[in-house]
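Structure, as structure tokens:
None of the figures in this text is laboratory data; all of them are computed from the coordinates on show. Remember, it's a predicted structure, so these values are computed and weren't measured experimentally. Cβ placement follows ideal geometry from the backbone for every residue including glycine, while neighbour counts extend to all protein chains displayed.
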Amino acid sequence: MLPVVELTEIKVYEITGRRIDDPDAAVEPEQSLDVQARGSENWFETRVKLSVDTSEAQLLADVGAVFTFSEPLKVPQVAAGEFVEKVGVMAVYPFLREHIFTTAGRLGVAPPVLGLLRAGTFTIASDQQDSDR
């Protein structure tokens, strides 16, 4: 799959941040990662939504990486899952990290440090489509 694939677009679907009104509210820092994949014979998208809640803010970034194929390609589900895990999510994650960090800074709250993302620590929801974007 890799020889015919090229990263052609980074799509930002949503970036939101909300400062917590009650600084005394005890909120356990929490992260949630939602990974989705969809595509056709001509393109493939890995979309990742990262939600981070801290004691000071609720932060969310939803970003997709669009890959196009140099020739029409039918990708088996197993190969697609491996591609998403090893390439797609890793292409998107730096953008998620930057959006979360920047949004926290704009809100005037301590930016959360996001740990390393390890393959196999997330599940992938599939939304196969036959049509182009």
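Assorted remarks:
- Note on the range 70-91: among residues that are of a type in the set (Val, Ile, Thr) and part of a helix (DSSP H, G or I), the one that is surrounded by the most Cβ atoms within 10 Å (Cβ to Cβ) is VAL84.
- Sole residue being loosely packed, with under 15 Cβ neighbours inside 10 Å and either in contact with a helix residue (DSSP H, G or I) (Cβ under 6 Å, 6 or more places away or on another chain) or not in a loop (DSSP other than H, G, I, E, B) (or both), chosen from PRO94, PRO111: PRO94
- Residues of the range 20-53 classified as among the β-branched types (Val, Ile, Thr), surrounded by 19 or more Cβ atoms within 10 Å (Cβ to Cβ) and under 21 Å from PRO111 (Cβ atoms), total: 2
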